[in-house]
Every structure is written in C-alpha cells, then in structure tokens.
Amino acid sequence: MVPDAVPLKQLRTLIEEYELLEGMIMFQYSINLVWSDEDNGYVATIPEFPHLSAFGETPEIALLEAKTAAELMLEVLKEEKEEPPEPKKLIEYSGQTRLRLPKSLHRGLAIEAEREGVSLNTLLVSKLSEYLGTKKCANPFVSTTTTTGLYEISPGKRN
C-alpha cells in the first residue's frame, strides 16, 4: 500500500520551517519581534545592532530576515576589522537587592506596611509589581510587557 502523497504546499511549508529552525539554532543574539499596523507585518530588531531591523509578513520570516541582516553586518564588521557586539546572555537573578532610600521615605513606607499588617518587604514587592504591571510568563526565554504587547526572545541555555 502506497502512503498518501503530501501536498506540495504543505511540503514547502515544512521545509521552510525546518530551514528556519536549523538556521536559528546557533544564532546567539537577542531578537525583539513586534507587530506593525503601519507595515501590516512583523518587525524584528536586534538590540545588539541598534540600527538594524527586518520585516516579515509572518513572525518566522521577520526572524529569518533579522538573522540574515545580522550575519551580513557581522561580515562587514569582520572585513573592516571591527569587533562585533557581544551577544546578550540570559541573566539569572537572585530575587534580592539592596535599596537605599531617604529616611523620610523609609519611615512612610514602614508606617504604611504596619498599617496594612504586612512586612516592609511585602509592601515594596506589591508596590513595585503594581507599578510595573507585569505578569509571569511560563517560558523563561520570553518576557512580555502587558502594556505594549511586546515579546522579547533572548538566547539562553535550555535545561
């Protein structure tokens, strides 16, 4: 029995997706991807290359175009004997920081925390979270900012 043939369009899509994935595996620069109403498509930028951007009708095409543009930029830098920018790396945060603030602000926050029946730490975390308006994201490689809908995809070590 001969298996059903895969339609040519579906085969092309599978090949394109494979080539995209294959090409992105060793790419170590961060890529920001946003939708543009003006361009009616996706715009990809690479923070390490501030003046570089790429367009695509799909997210995959925009990512591939950005990667291609960055590789061309790296070739130019190499020819001109200039150092390429260092790729950004995924940073692990401890969740701890030391904060210095005016005594009057410290006093006001401590009074408010006592009034609310919570620790100063809990009050500060609550206020900072409220200020930033962030939501947790399940994927550690993607951070989202809810106010802009911006997705940032950064390279990092997968466990």
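Looking across the stretch 90-123, the residues that are in contact with a Ser or Thr (Cβ under 8 Å, 6 or more places away or on another chain) and part of a loop (DSSP other than H, G, I, E, B) come down to L90, V118. Residues that are charged (D, E, K, R), free of Cβ contacts under 8 Å to residues at least 24 places away in the same chain, surrounded by 12 or more Cβ atoms within 10 Å (Cβ to Cβ) and assigned to a helix (DSSP H, G or I): does the stretch 73-85 have at least one? Checked the stretch 73-85: no residue is charged (D, E, K, R), free of Cβ contacts under 8 Å to residues at least 24 places away in the same chain, surrounded by 12 or more Cβ atoms within 10 Å (Cβ to Cβ) and assigned to a helix (DSSP H, G or I). If you go through the stretch 108-129 and pick out every residue that is surrounded by fewer than 12 Cβ atoms within 10 Å (Cβ to Cβ) and among the aliphatic types (A, V, I, L, M), you end up with 2. In the stretch 17-59, the qualifying residues are those that are part of a loop (DSSP other than H, G, I, E, B) and closer than 20 Å to K89 by Cα, and the one that is modelled with the lowest pLDDT is I25.
The values are calculated or read from the model by the stated rules, or taken from the named source; none is laboratory data. Note that the coordinates shown come from a computational prediction; the quantities given were computed from them, not determined experimentally. Here Cβ is always computed from backbone atoms with ideal geometry, including for glycine, and neighbour counts include all displayed protein chains.
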